[in-house]
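Before any comments, here is the structure.
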Amino acid sequence: MQCPDDTSLNTPEERTCLSSAQRRAEIRRRKLLMNSEDRMNRIVGFTKAEAENNGSSRSVTAPVFHLDLDRSDSWSTYPSPRLSPFLPEAVGSSHPHSDLPGYPLPDTSEVLCGGVDKDVTPGVRQRPRGEAQLAADEPSHSGSPRRGLQKYLSRFDDAMKLRGQLANEKQAQEAASSDPDELDSFRLFRLVGSVLLAIFVRVFVCKYLVEKKMQTTVLTAALLLSGIPAEVINRSMDTYKKMGDVFADLCVYFFTFILSHEILLLVGPEEAETP
Amino acid sequence: MAAGCAWFLVLGSVFLCNLFKTLLPTISSFLLKVLQKDAEQERDMRAEIQEMKKEHNSVSMMDEFARYARLERKINKMTDKLKTHVKSRTAQQAKMKWMVNIGFYILQAALMISLIWKYYADPVTVVPSKWIAPLEQLVAFPSGVAGGVGITCWLVVCNKVASIGLHTIS
């Protein structure tokens, strides 16, 4: 009895079409297929750039992934219009689409044979469970689903490669993490230098500035009370402060000059006296 | 040699004066401790007030009102006495500080005047006049020696440098 094309399994006639083993297989396959779309979307989204650049690469190492482009109940043993990209189509199999371009997919038939269900329609070898009948009963279709399958397969390959590369890089980074000794010492030097500079500025500079401000407060108040505008007072204070700083610099310069002169005079005659 | 060390003598005197000035608060408090003999009395009064307050807290007002009131009067009296004592001590402290400061300024003025008197006519040191041109006249005041450094200029410079240095250190 030929099962109808309708993919629903709810009618009694359809149930009778399947044996118990096939039913179990179909349930398992459906369970796997439920999340395949999400998985593939994740992979495809991750490796989209690599997939577009690399083209087709067929070295798949993790089989048992199925991509059902059309998620519906007709996936089970009934023909669906599209194929999974991981569907390994055996070479020389009696597939209705074997004469189409791009058929069969190279190098996948021997790898993606993780869940071949031997209870499915014969003539389709090395297929995941339930996919064999799906492929066997597939109606005539254009090459675009096959191209889509190839595309998804290539993306999966790239994703697996990238995962391997990332793992290798991580290992290399961990192995090469032995030379931050130089960085650590330099960083420590920078930190210590920053700490010392901050302490110096806080202790010597800020204290000096604060004290000066406090000294002019009473004078400023007295000048304000006498009627002088605040702006004039501020400008005058700034000017006098700068003049005071200049005078202090001149005094320090002159003092150092005279002191060094006297020291040279003192040292000079002693050097002349010694033989 | 004595003439050659004039600059050093002036520098040393100015440096000591400035150092003494920074230590004035310490000196005044030390003198106060030495001259004021009733510091112990104040300490005893404070201790007594503490004891009475402890006893006052332990006594129940409802049960022993008379004792409670008596203690409270004693505490108030002792506190007033302590306040008076602290006021007089603070006044003495301020007076001592003022006297020490005045004494210091008088000593400093005397030292400066004596230095100026000594080196009025002679410069503390002499350098080639071209080195300090065009300010040689101002620097040489009041000695008038060409290329010399006068006592007033050297005093001002040393005071400024000493105050900056000691301020930085303190």
>> I'm told B:Asn18 meets every condition in (1) modelled with pLDDT under 90; (2) within 14 Å of another protein chain (Cβ to nearest Cβ); (3) open to solvent by less than 60 Å² (accessible area, probe 1.4 Å) except one. Can you identify the failing condition by its number?
In response: (1)
> Of the residues that sit in segment A:241-263 and are more than 9 Å from chain B (Cβ to nearest Cβ) and more than 60 Å from the chain's Cα centre (by Cα), which one is farthest from B:Ala6 (Cα to Cα)?
Replying inline: A:Tyr253
> In segment B:135-145, what residues are within 12 Å of B:Tyr120 (Cα to Cα) and crowded, with 17+ Cβ neighbours inside 10 Å?
Replying inline: B:Ala140, B:Ser143
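Tell me yes or no: at least one residue of segment B:146-157 is facing another protein chain (nearest Cβ under 9 Å) and open to solvent by 60 Å² or more (accessible area, probe 1.4 Å). Don't jump to the end; show me each part of the working.
Step one: list which residues in segment B:146-157 are facing another protein chain (nearest Cβ under 9 Å), which gives B:149, B:153-154, B:156-157.
So of that shortlist, the ones also open to solvent by 60 Å² or more (accessible area, probe 1.4 Å) come out as B:156.
Looking through segment B:146-157, at least one residue is facing another protein chain (nearest Cβ under 9 Å) and open to solvent by 60 Å² or more (accessible area, probe 1.4 Å).
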>> Every residue in segment B:125-142 that is modelled with pLDDT under 85 and either under 28 Å from B:Leu19 (Cα atoms) or more than 13 Å from every other protein chain (Cβ to nearest Cβ) (or both), please.
In response: B:Ser129, B:Lys130, B:Ala133, B:Pro134
> Identify, please: which residue in segment B:38-78 is under 29 Å from B:Pro25 (Cβ atoms) and among the basic types (Lys, Arg) and is, among those, surrounded by the fewest Cβ atoms within 10 Å (Cβ to Cβ)?
Replying inline: B:Arg43
> Restricting attention to segment A:207-248, which residues are touching a helix residue (DSSP H, G or I) at 6+ places or on another chain (Cβ under 8 Å), at pLDDT 85 or above and within 28 Å of B:Ile169 (Cβ to Cβ)?
Replying inline: A:Met237, A:Lys241, A:Phe247, A:Ala248
>> Here are the criteria: (1) away from chain A (no Cβ under 14 Å); (2) in a helix (DSSP H, G or I). Tell me which single one B:Leu9 does not satisfy.
In response: (1)
> Going through segment B:30-53 one residue at a time, which ones are in a helix (DSSP H, G or I) and over 15 Å from B:Val86 (Cβ atoms)?
Replying inline: B:Phe30, B:Leu31, B:Lys33, B:Val34, B:Leu35, B:Gln50, B:Glu51, B:Met52, B:Lys53
>> Given the condition at pLDDT below 90 and within 13 Å of chain A (Cβ to nearest Cβ), answer yes or no: does some residue in segment B:107-124 qualify?
In response: yes
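Only one residue in B:Lys97, B:Lys81 is of a type in the set (Lys, Arg), surrounded by 12 or more Cβ atoms within 10 Å (Cβ to Cβ) and in contact with a helix residue (DSSP H, G or I) (Cβ under 6 Å, 6 or more places away or on another chain). Which one?
B:Lys97
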> With respect to the numbered conditions (1) of a type outside the set (A, V, I, L, M, F, W, C); (2) more than 10 Å from every other protein chain (Cβ to nearest Cβ); (3) farther than 20 Å from A:Phe257 by Cβ, which one is the sole condition not fulfilled by B:His167?
Replying inline: (2)
>> Can you find a residue that is free of Cβ contacts under 8 Å to residues at least 12 places away in the same chain and farther than 20 Å from B:Ser28 by Cβ anywhere in segment B:83-90?
In response: yes
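The values are calculated or read from the model by the stated rules, or taken from the named source; none is laboratory data. Owing to the predicted nature of the structure, the values given are computational and were not obtained by experimental measurement. No Cβ is skipped: glycine too gets one built from the backbone with ideal geometry, and neighbour counts run over all protein chains shown. Side chains included, ligands, DNA and RNA excluded: accessible areas come from the protein's heavy atoms. Shrake-Rupley method; radii C 1.70, N 1.55, O 1.52, S 1.80 Å.
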